[in-house]
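Remarks on the structure that follows.
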Amino acid sequence: MRSHLVLLVIFAFLVSLVFAVLTKDDLREQMRFGGMLFAGFVVTALVLGWLMYPFPR
Amino acid sequence: MRATAAEETQTGGLVLLCVAAWAIPGAGHLWLGRRSKGLVFLIALALMFVLGLALRGRLFPFDLSEPLVCLAAVADVGIGLIYLVASALGYGAGDVRAVTYEYGNTFLIVAGLLNVLVVIDACDIAVGRK
């Protein structure tokens, strides 16, 4: 498994899951908070990735 | 005297709970009857740790001459008994040439740190703060 995107998504999913279950008690709140966290992780990583795109390696 | 003995028993129970919660991710919540939370922690954190090893991450040693390595080791140990078992079986040597090496380290370190948060949460529930 070498895809950075897949690893990023797996990491974001697991961390969001643990944080959501840890901080919220109601299932609906857990889903909502976990979904927001997951989306935040993935979108932030993609935005930062594209922002770094013009810079030389 | 009775109150003191009861407090001591409670403190002993709390310490035992925290040790169990550290040793096995989610065990503290399972102990306190929060089964669904405990199972989620058990599966998610163990999976993160195993993925970290599969991605050729390194279980850092306690090397006091290198503070960052030492901090990473503290974070790794946070996952509990799985760390000790994996170390004893020779896993977690790490392969710095692997593309996934840094990902593996991140999975291992974050799994340990998240388990520390889970232990603190279990402790809070036990003392009635949550």
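Computed quantities for the displayed model
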item	result
B:Ala72 being surrounded by 13 or more Cβ atoms within 10 Å (Cβ to Cβ) and not in a helix (DSSP H, G or I)	no
Selection count, the range A:11-40, where residues are hydrophobic (A, V, I, L, M, F, W, C), touching a helix residue (DSSP H, G or I) at 6+ places or on another chain (Cβ under 7 Å) and within 12 Å of chain B (Cβ to nearest Cβ)	11
Meets criteria (assigned to a helix (DSSP H, G or I), away from chain A (no Cβ under 14 Å) and exposed (fewer than 12 other Cβ atoms within 10 Å of the Cβ)) for B:Val19	no
Verdict on A:Ser16 being of a type outside the set (A, V, I, L, M, F, W, C) and in contact (Cβ under 8 Å) with a residue 12 or more places away in the chain	yes
The range B:23-49, residues that are surrounded by fewer than 19 Cβ atoms within 10 Å (Cβ to Cβ) and either more than 11 Å from chain A (Cβ to nearest Cβ) or under 12 Å from B:Asn115 (Cβ atoms) (or both)	B:Ala23, B:Trp31, B:Leu32, B:Gly33, B:Arg35, B:Leu42, B:Ala46
Residue list for the range B:83-130, restricted to those being in a loop (DSSP other than H, G, I, E, B) and either hydroxyl-bearing (Ser, Thr, Tyr) or over 30 Å from B:Gly33 (Cα atoms) (or both)	B:Leu89, B:Gly90, B:Tyr91, B:Gly92, B:Gly94, B:Asp95, B:Val96, B:Arg97, B:Ala98, B:Val99, B:Thr100
Any hit, the range B:99-121, residues being at the interface with chain A (Cβ under 10 Å from one of its Cβ atoms), among the small types (Gly, Ala, Ser) and over 17 Å from B:Ala73 (Cα atoms)	no
Condition broken by B:Pro61, with the remaining ones in (1) surrounded by fewer than 21 Cβ atoms within 10 Å (Cβ to Cβ); (2) more than 11 Å from chain A (Cβ to nearest Cβ); (3) under 26 Å from B:Gly28 (Cα atoms); (4) not hydroxyl-bearing (Ser, Thr, Tyr) satisfied	(3)
Exclusive hit being among the polar types (S, T, N, Q) and more than 23 Å from B:Ile120 (Cβ to Cβ), set B:Thr106, B:Thr100	B:Thr100
Tally, over the range B:75-130, of residues that are among the aromatic types (Phe, Trp, Tyr), touching a residue at least 40 places away in the same chain (Cβ under 8 Å) and either surrounded by 20 or more Cβ atoms within 10 Å (Cβ to Cβ) or farther than 19 Å from A:Phe11 by Cα (or both)	2
Any chance B:Ala54 is over 15 Å from the mean Cα position of the chain (by Cα), modelled with pLDDT of 95 or more, surrounded by 12 or more Cβ atoms within 10 Å (Cβ to Cβ) and under 28 Å from A:Ala20 (Cα atoms)	yes
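The values are calculated or read from the model by the stated rules, or taken from the named source; none is laboratory data. Note that the structure is a prediction, hence the values are computed from the model and not measured. Every residue, glycine as well, gets a Cβ built from its backbone with ideal geometry; the counts of neighbours run over all protein chains shown.
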